[in-house]
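Structure record follows, encoded as structure tokens.
The values are calculated or read from the model by the stated rules, or taken from the named source; none is laboratory data. None of these values were measured; they are calculated from a predicted model. Cβ: placed from backbone, ideal geometry, glycine included. Neighbour counts: every protein chain shown.
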Amino acid sequence: MIFEFATAQRILFGCGTLRELPGLIPGTGRRVALITGSSAERVAPVFKALKECGAEPAAFSVSGEPTTDRINTLARQAREQQCDMVVAFGGGSVIDAGKAIAALLTNTRDLMDYLEVIGKGEPLSEDPAPCIAIPTTAGTGAEVTRNSVLLSPEHNVKVSMRHPKMLPTAAIVDPELTLSMPPEVTASTGLDAFIQLLEAFVSAKANPLTDGICREGIRRVSRSLHRAYKDGTDLEARTGMAFGSLCGGLALSNAGLGAVHGFAGPLGGMFKAPHGMVCASLLPAVMKANIEALEERAAENPALEKYREVAVMLTGSGNARLSDGLDWVNALCEDMPVSGLEAFGVTAGDIPDIVEKARQASSMKGNPIQLTNDELAGILADSLESPIHGNSGIDL
């Protein structure tokens, strides 16, 4: 049993922990690049807290998916303002942007030198600037991951800037910050959190430590996501989702993901669609394909038993079968609701190109079994229409 586990230097979790931010700013006079989304009203208390503790914040906005051009621009502006620290306050895209900017404050070569797939994928030569990540959604777990997912419009693909030192210096996970998420954002981010936990659990790179984290995360998300979606003011459900999202980030950063996210990178670059919903569109077909491939070619693979364990956790029945887990997932997708890939503009003619690009995605390396091109194409074909194939009335 040999594995490595790494995460943020410090994690603060719980309602009201945002108040701890000033105590995480070392000394006075720090020039802080405050990376935020588009809501100036939401970030005002953070800006005020930074000022009151003696920091000099400079706000930079990231709207939507962070693109390679936007990150280059913001990093240059932050360097020009002599920023020596980053606070990222927002959803996964904002936190990914913050981690990339923290790295580029001290590593000043061209961004392409550090990007995977489309760039040179070279390691950072200098430690990134200190970075505090404060998520306002419960989905990506980006506050404890070592990469930044960036969109390259030129290449029509999402790729990662990745390095162990890109883990944030501190993560503040305050469930109260997620109370304002509307149902559609709760669904998209929450489904992503669930899928990340599932993929990390059955990953070929999983280990006993990530397994334990995934088990706890899956239990929390399976009983919290539907409640948070139906009632956004349910603080207990929001807390469960925030913790589940954190677990997903901890797990995937150390165990990797799988075919769902292997497809999601190319699809996110080629078509405009919420990341979580794209992943959810693919999940039932990927689960089915993985289970069938494991049963046919690798019945001794521990991932097969893990899929059975997931079915037990999701349904609460000790006698749950693999098909019951699939039924539960279908029921969840139906309730959100999740559309097929066609709703995002994907056609059958796009399948060969998507398969070719997905083959190069780093997430695909974690899939519990190597899928053939025909199997990958079949997943996409099955996911074009709504992924719902009927459910057995399982309670969510």
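Determine if segment 289-302 includes at least one residue that is modelled with pLDDT of 95 or more, in contact with an Asp or Glu (Cβ under 7 Å, 6 or more places away or on another chain) and crowded, with 24+ Cβ neighbours inside 10 Å.
No, the conditions are met nowhere in segment 289-302.
Name the single residue that is surrounded by the fewest Cβ atoms within 10 Å (Cβ to Cβ) among those in segment 202-214 being among the polar types (S, T, N, Q) and outside any helix (DSSP H, G or I).
Of all residues in segment 202-214, those among the polar types (S, T, N, Q) come to 203, 207, 210.
Adding the requirement that they be outside any helix (DSSP H, G or I) leaves 203, 207.
On the way: 203: 26, 207: 16.
For segment 202-214, the residue satisfying everything is 207.
Restricting attention to segment 36-55, which residues are surrounded by 13 or more Cβ atoms within 10 Å (Cβ to Cβ), assigned to a helix (DSSP H, G or I) and not basic (Lys, Arg)?
Within segment 36-55, 43, 45, 46, 47, 49, 50 qualify.
When residue 141 is evaluated against the numbered criteria (1) in contact with a Gly (Cβ under 7 Å, 6 or more places away or on another chain); (2) surrounded by 24 or more Cβ atoms within 10 Å (Cβ to Cβ); (3) farther than 19 Å from residue 13 by Cα, which criterion, by number, is the only one it fails?
Just one mismatch for residue 141, condition (3).
Among the listed residues 135, 175, 183, which satisfies the condition of being of a type outside the set (Ser, Thr, Tyr), closer than 14 Å to residue 97 by Cα and touching a helix residue (DSSP H, G or I) at 6+ places or on another chain (Cβ under 6 Å)? Full working, then the answer.
Numbers: 175 fails: closer than 14 Å to residue 97 by Cα; 183 fails: closer than 14 Å to residue 97 by Cα.
One residue alone meets the criteria, 135.
Conditions first: (1) modelled with pLDDT under 95; (2) more than 26 Å from residue 306 (Cβ to Cβ); (3) hydrophobic (A, V, I, L, M, F, W, C). Residue 388 passes all but one, so which condition is the exception?
Exception for residue 388: condition (2).
Could we say that residue 79 is free of Cβ contacts under 8 Å to residues at least 40 places away in the same chain and either in a helix (DSSP H, G or I) or closer than 14 Å to residue 131 by Cα (or both) here?
On the way: free of Cβ contacts under 8 Å to residues at least 40 places away in the same chain: yes; either in a helix (DSSP H, G or I) or closer than 14 Å to residue 131 by Cα (or both): yes.
So residue 79 passes the test.
Is there a residue being in contact with a helix residue (DSSP H, G or I) (Cβ under 9 Å, 6 or more places away or on another chain), in a loop (DSSP other than H, G, I, E, B) and under 30 Å from residue 205 (Cβ atoms) anywhere in segment 82-97? Give the steps one after another, and end with the answer.
Within segment 82-97, the first condition is being in contact with a helix residue (DSSP H, G or I) (Cβ under 9 Å, 6 or more places away or on another chain), and the residues that meet it are 83-97.
Subset that is in a loop (DSSP other than H, G, I, E, B): 83-84, 91.
Checking the rest, the ones that are also under 30 Å from residue 205 (Cβ atoms) come to 91.
Taking every residue of segment 82-97 in turn, at least one turns out to be in contact with a helix residue (DSSP H, G or I) (Cβ under 9 Å, 6 or more places away or on another chain), in a loop (DSSP other than H, G, I, E, B) and under 30 Å from residue 205 (Cβ atoms).
Pull up segment 215-245, narrow it to residues that are under 14 Å from residue 335 (Cα atoms) and touching a residue at least 60 places away in the same chain (Cβ under 8 Å), then point me to the one that is surrounded by the most Cβ atoms within 10 Å (Cβ to Cβ).
Residue satisfying both the conditions and the ranking: 228.
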